[in-house]
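Engineer: Before I ask anything, let me first share the structure, which is written out below as structure tokens.
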Amino acid sequence: MKLSRRASELKESATLAVSAKAAQLAGQGIDVVSFGAGEPDFDTPEHIKQAGWTALEGGETKYAKPASGIRPLKQAVADKFKRENGLEYDANSQVLVTVGGKEALFLAFAAIIDEGDEVILPAPYWVSYPEQAALNGGRSVVVQGEVSNSYKITPDQLEAAITDRTKAFVFNSPNNPGGFMYEPDEVEGLAEVLEGRDIVVLSDEMYDRIVFGGREFKSWAGVSEHAYENTITFNAGSKTYSMTGWRIGYAAGPADVIKAMSNLQSQTTSGTATFVQHALATALSGDQSEVETMRQAFEERGAHICRRLNAISGIVCPEPAGAFYVFPDVSECYDKLGVSGSIEFSSRLLEEAHVAVVPGEASGMDDCVRLSFATSMENIDRGVDRIADFLK
Ligand SMILES: Cc1ncc(COP(=O)(O)O)c(C=O)c1O
């Protein structure tokens, strides 16, 4: 069958490809230490599971009405934005509930991008942004984060990337895969560049609750009136509440774009499962203590893995400021190993040392690899021991 140009040009997700290869080795009985996971290793908190279960038992098994999200959840989302991010959204007209954060982002690209529009994308970036932009006819303009700036971009770099075709800017802090986060004054500095300009900001805030060192998280839309009017803010149950498999996320922004995204959703997925929406409403408005327990565990593990990796000659690892990833530069080892880049590095590491990491190439930084520390301290130590042996 002849596939469409868009489908044939689409890349498989690098993260899923690594997981598949690691699973294949594990299936042969090989003990693989995986740093590939893009999800918390904790179970969904009990009271959230219970809310989903109660909704199922109560017959919440039909289409969600409206498809864009049930009223109590939209209200819980609006309350979350106000309480945690200082953002005022009208629950009825400015909030959309989606099948994970991923669907929300896809719908946003579909709602705003026309053929040939440019999307400014700081690297390193989450692997799906360029593919989702391309599927909707957009062209990514990649801006390389500075290694000396923990891979963050500067206002000057953002300014230099803008052309008269620029339609959108993708902002992700705390960052997957970089593990860095923009401080409030840095968010303001970047937002200043876009002040008065007709550029939509997609602010991916999936990791807003997973921040380290007492840092303050700042939502892009909270910077100014102009930023608020030109930003779509994204979040999900996935990372904060360890709900990746429930497939539920949400977006908020100007009513016209939320309406367009909701129309697109009504013709594609019809939204997420009704009982899952009840579970997320409970997650957002209920007891938050397990969010803090998970955050603390990630903070300890992040500091530990970073310290251990930096002790290995040839690896330079910036300390993570949020999310649950470290993104070390391993390029000094490429010559010695005779590998051409992060894909070959990761593949040799998996085959020879049985350690799974994600190549940075898919995130626009071939010098680096991503290690998720959403795994136990014991696994972290076992895996890093193997990496150290591999690079001896
Ligand atoms: C930066 C970022 N955005 C969006 C997503 C998608 O999240 P979800 O699983 O809710 O679709 C992820 C998940 O890995 C992510 O890391």
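The values are calculated or read from the model by the stated rules, or taken from the named source; none is laboratory data. This one's a predicted model, so the numbers in the text were calculated from it and none came from an experiment. Every residue, glycine among them, receives a Cβ derived from its backbone with ideal geometry; neighbour counts consider all protein chains shown. Remember, those area values only see protein heavy atoms, side chains included, never the ligands or the DNA or RNA. Shrake-Rupley method; radii C 1.70, N 1.55, O 1.52, S 1.80 Å.
Engineer: Which of the helices (runs of 4 or more DSSP H) contained wholly in the range 248-337 include at least 1 residues that are hydrophobic (A, V, I, L, M, F, W, C) and surrounded by fewer than 19 Cβ atoms within 10 Å (Cβ to Cβ)?
Structural biologist: Numbers: elements: 255-266, 274-285, 289-310, 334-337.
Where helices (runs of 4 or more DSSP H) fall fully within the range 248-337 and carry at least 1 residues being hydrophobic (A, V, I, L, M, F, W, C) and surrounded by fewer than 19 Cβ atoms within 10 Å (Cβ to Cβ), they are 255-266, 289-310, 334-337.
Engineer: Continuing with this model, one more query. Within the range 364-376, track down each residue that is closer than 17 Å to SER331 by Cα and open to solvent by less than 10 Å² (accessible area, probe 1.4 Å).
Structural biologist: Within the range 364-376, CYS368, VAL369, LEU371 qualify.
Engineer: Let me ask another. Tell me, please, whether a residue that is out of contact with any Gly (no Cβ under 7 Å at 6 or more places or on another chain), among the polar types (S, T, N, Q) and within 12 Å of the ligand (Cβ to nearest atom) can be found in the range 187-206.
Structural biologist: There is at least one residue in the range 187-206 that is out of contact with any Gly (no Cβ under 7 Å at 6 or more places or on another chain), among the polar types (S, T, N, Q) and within 12 Å of the ligand (Cβ to nearest atom).
Engineer: While we're on this one: Which of (1) within 21 Å of ASP256 (Cα to Cα); (2) without any contact (Cβ under 8 Å) to a residue 60 or more places away in the chain is the odd one out, the single condition ALA78 does not satisfy?
Structural biologist: Just one mismatch for ALA78, condition (2).
Engineer: Separate question: Considering only residues that are touching a strand residue (DSSP E or B) at 6+ places or on another chain (Cβ under 7 Å) and among the β-branched types (Val, Ile, Thr), which ones fall in the range 334-374?
Structural biologist: Matches in the range 334-374: ILE343, VAL355, VAL357, VAL358, VAL369.
Engineer: Here are some residues: TYR228, TYR241. Which one is within 16 Å of the ligand (Cβ to nearest atom) and of a type outside the set (A, V, I, L, M, F, W, C)?
Structural biologist: TYR241
Engineer: Go through the range 111-174 and tell me which strands (runs of 3 or more DSSP E), entirely inside it, have 3 or more residues that are within 18 Å of THR233 (Cβ to Cβ) and under 21 Å from the mean Cα position of the chain (by Cα).
Structural biologist: Where strands (runs of 3 or more DSSP E) fall fully within the range 111-174 and carry at least 3 residues being within 18 Å of THR233 (Cβ to Cβ) and under 21 Å from the mean Cα position of the chain (by Cα), they are 118-123, 166-172.
Engineer: Let me ask you something else. Give GLY178, GLY213 a once-over and let me know the one that is farther than 23 Å from PHE109 by Cβ and touching a residue at least 40 places away in the same chain (Cβ under 8 Å).
Structural biologist: Sole residue among the options that is farther than 23 Å from PHE109 by Cβ and touching a residue at least 40 places away in the same chain (Cβ under 8 Å): GLY213.
Engineer: Can you pull out every residue in the range 220-244 that is within 15 Å of the chain's Cα centre (by Cα) and not in a strand (DSSP E or B)?
Structural biologist: GLY237, SER238, LYS239, THR240, TYR241, SER242, MET243, THR244
Engineer: Can you name the residue in the range 16-73 that is among the small types (Gly, Ala, Ser), over 30 Å from ALA260 (Cα atoms) and within 22 Å of the chain's Cα centre (by Cα) and is also surrounded by the most Cβ atoms within 10 Å (Cβ to Cβ) among such residues?
Structural biologist: GLY36
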